[in-house]
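Presented below is the structure to which this report refers.
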């Protein structure tokens, strides 16, 4: 009896390891709520926790926004000035929706960690007291709030970590608890996820984690080479968040910090599908999901919805098929080599989780691997041509 074509995805994951695109990977594919593929490759088991990087933006931050919106504690029109009075974003009239849609005008990235490490090199010590980490957390948030806008609000889409750092703090204050506590209470428990933040002051973290880098701070990503210099550094501890700005925020932030498995990511993707269908209201009712998943109505050409992205025309990390038919698809990428794509028409969820940064941030071959993998998923399930 010949095996189903979907089983060929295991060989593709193994090839990714063999070619050196990533040292370890997990993948889970769900179709109509059923797992049709689950695989691991390289230095990983099904229980290995991966740094999910910017998947945090949807799995934690966007999901918590929807939960707190449902509870009436915050909404799309909530003003940033309510939480950060006198800030450039606040003075410009930026709202929570503007942060979610990445249309606030805030810049993509600012290396807040560089000044933090220069001022407080003791952050690198494993014995760094929680009081200092809390002080630095406050200093970094103040710096993020003081960041000038790069563009007028609601005029262009600028994918902004800075905006999501502010958003994470807004949600923590609106929800009355730290982000990691809110995530566990409102997202992880209801969806039965093992995913969690690794707060530095709570170390050592339990559970095996996939390696992402040897030094703290990490090497600059492509294009960031000239943004900081003369920053103290030392060998990194395993299990700490890869993103340096999240790291100086004690490992818990709105833009990065979650660790989890492909099963976690896929389960969240299924919750998105069911939320959009109105069949599962653990996070938010269907009408709020519909508003959240709709593409930004104000910025022409934006692929962004509230927190989520959608496949770009031409090249897309989701490949040629996912999202090609209304109502399309939503998803997100993570810098460490992670991704989630949810095809709303096909009832398809694809979670592809790797630690491609472990061998250097300059290696971008994941950009070719991702679309090829997603196209193979759709073809293996014979979903590439829809009636």
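Does the range 271-319 classify as rounded, prolate or oblate by the C-alpha gyration tensor (a ≥ b ≥ c root eigenvalues; a/c under 1.5 gives rounded; else a/b over b/c gives prolate, otherwise oblate)? Oblate, since a/c reaches 1.5 and b/c is not below a/b. Pick out which of 305, 157, 316 has the largest mean-square fluctuation in a Gaussian network model of the chain, springs linking Cα atoms closer than 10 Å. Of 305, 157, 316, the most mobile in the Gaussian network model is 316. Taking one quarter of the surface of the C-alpha convex hull of the chain gives a mean projected area of 18.3 nm². Only helices enter the 222 nm calculation for the chain: every DSSP H run of n ≥ 4 contributes -39,500 (n - 2.57), and dividing by all residues gives -8500 deg cm²/dmol, rounded to 500.
Put in line by how crowded their Cβ is, counting other Cβ atoms within 10 Å and starting with the fewest, 32, 313, 156 read 313, 32, 156. Oblate is the label for the range 94-200. Its Cα gyration tensor axes, ordered a ≥ b ≥ c, give a/c of at least 1.5 and b/c at or above a/b. Answer rounded, prolate or oblate for the range 201-352, using the Cα gyration tensor with square roots of eigenvalues a ≥ b ≥ c: rounded when a/c is under 1.5, else prolate when a/b is larger than b/c, else oblate. Since a/c reaches 1.5 and a/b is larger than b/c, the shape of the range 201-352 is classed as prolate. Ranked for footprinting exposure by Cβ neighbours inside 10 Å, fewest first, 22, 109 give 109, 22. By other beta-carbon atoms within 10 Å, ranking 306, 59, 34 with the fewest at the front produces 34, 306, 59.
No value in this document is a laboratory result; all are computed from the given coordinates. Note that the structure is a prediction, hence the values are computed from the model and not measured. Note: ideal-geometry Cβ built from the backbone for every residue, glycine included; neighbour counts use all protein chains shown.
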